[in-house]
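Some notes on the structure that comes next.
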Amino acid sequence: MLDSNYFHYTAKGLNCDDVMLEELGKTFGTPLYVTSSKSIVDSYRAFEKAFETLPHFTCYSVKANFNLSVIRTLADLGCGCDVNSGGELYRAMQAGVAPEKIIFAGVGKKYEEIAYALECGVLMLKAESLSELRAIDRIAGEVGKIASVALRINPNVTAETHPYITTGDSKEKFGIDEAELPEIFALFDQLPNLLLVGLDMHIGSQIFDPEYYVAATEKLLALFNLSKTKGFEIQFLDIGGGFPVTYDPSKPATPIERFAEKLIPMLVPAGVTVIFEPGRCLVANASVLLTKILYKKRNHVGKEFFVVDAGMTELIRPALYQSHHEVQAVSRHKKTVIADVVGPICESSDFFARQREIDAAEEGELLAVMSCGAYAAVMSSNYNGRLRPAEVMVNGSEVKLVRKRETLEQLVQNELF
């Protein structure tokens, strides 16, 4: 069972900070995302403390959770943003992030997105191919800008994680192969509207072993030294994100301090600002998905099911990545059962847990699917004509509605006969 200062049991049931989840379910309905702002703040401060001796700039990876209040919570602490689309850039600025604190990534940026980023004045655009560099140069010339760019390098380091979330392997679509760098460096003489300011890497998500970062950083530093021999003045080395969080208590995440111990001695001698792009590790365990048990059923072989009102439309990770999420009854029970916790969607992959020991809760009671702060609401969909849930943020005893529940009218508002 996951327990923390943010989601914990009292005599009356499971709480977020000082607020009973049972009461939130009654007030706002279910499914419902519940986020502890204190958890986000404390995670960010712990990350900053770990790297405090290294000149660095932290850019929250907006793709993990793009709720405006989540972004604003981090921006108020001085955090920047890493965005992957024009929509994420717009969201970050709507949340109050200054464009000079935003880096624009993405392997397939459209013309309109590049122009939008340049006009906004983002800190840098991260380029992932020769063709993209030429496109940025052309667009920068058209809008009368000099584009600050970083090169995302694929270091060909295969980290031990799910194959769908590894990004630093040469088999994947991301980044420029390290072997191409000499050709890329030579190309800059032909691209007058570009200024090379950074080198970047990202090796994947949920990386538990710091040695993968060490291996990739060694390659990045070698390319940094090569860039200096070519006359480039690199201002930023971007290490990316991918730092792990605990989803399954039997597989605890490596503390961020372990990564800092390895990386700081390597990076300080470079004498540049290091950029980090944490997403999941700041927000994953800050939220739960609150859901109601609609039906309990047992089939002819004795298999038990809890059918709940949330599904893969609210949390697709178990279906997409076979990811583990703890599931806790909001009200404690003395007895437990072995059951599948499944949703209402017309897909066999619509489940949160299979053959899991869980409190013997009854129909109408609430369950909390834990660790839903990253890649949950942000990946939600309207499949089966489902309405996206409301989201609330809790700070101590204060509760704020930070996203309204979708309506049937909103479901069809952009469609035309």
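Just so it is clear, none of the values below were taken in a lab; they were calculated from the coordinates. Quantities reported herein were computed from a predicted structural model and do not represent experimental measurements. Backbone-built Cβ (ideal geometry, glycine too); neighbour counts: all protein chains shown.
Values as computed for the structure displayed
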| read-out | value |
| --- | --- |
| Simple Cβ-charge dipole of the chain, Lys/Arg +1 and Asp/Glu -1, about Cα centre, in debye nearest 20 | 740 debye |
| Residues with amide H under 5 Å from that of L194, placed H, sequence gap 5 or more | A147 |
| Gaussian network model of the chain, springs between alpha carbon atoms under 10 Å - residue of P318, P269, P344 with greatest fluctuation | P269 |
| Segment K297-D248, length gained on full extension (0.36 nm per residue, minus Cα span) | 15.0 nm |
| Cα-based convex hull volume of the chain per residue, rounded to whole Å³ | 153 Å³ |
| Derived scalar couplings ³J(HN,Hα) [region 187-199; Karplus, 6.51 cos²θ - 1.76 cosθ + 1.60; whole Hz; x for Gly, Pro] | 5, 4, 5, 9, 10, x, 9, 10, 10, 7, 10, x, 10 |
| Entries of K126/K404; K292/K335; K26/K63; K101/K228; K49/K404; K126/K219 with Cα pairs more than 27 Å apart | K126/K404; K26/K63; K49/K404 |
| Footprinting exposure proxy for T73, T336, T229, T246 (fewest neighbouring C-beta atoms within 10 Å first) | T229, T336, T246, T73 |
| S287, S381, S205 arranged by Cβ crowding within 10 Å, fewest neighbours leading | S381, S205, S287 |
| DSSP-defined beta bridges in the chain - what % are antiparallel, rounded to 5 | 45 percent |
| Helix-only mean residue ellipticity at 222 nm for the chain, each DSSP H run of n ≥ 4 adding -39500 (n - 2.57), per residue, nearest 500 | -8000 deg cm²/dmol |
| Region 105-278 - charge dipole about Cα centre, Lys and Arg +1 at Cβ, Asp and Glu -1, debye rounded to 20 | 160 debye |
| Sites E100 and V307 - FRET efficiency at Förster radius 51 Å, r taken between beta-carbons, to 0.05 | 0.55 |
| Relative contact order for region 105-278, counting Cα pairs under 8 Å that sit 6 or more residues apart, in percent | 20 percent |
| Footprinting exposure proxy for E48, E23 (fewest neighbouring C-beta atoms within 10 Å first) | E23, E48 |
| Computed FRET value (nearest 0.05) for H333 with T273, which takes r as the C-beta separation and R₀ as 51 Å | 0.45 |
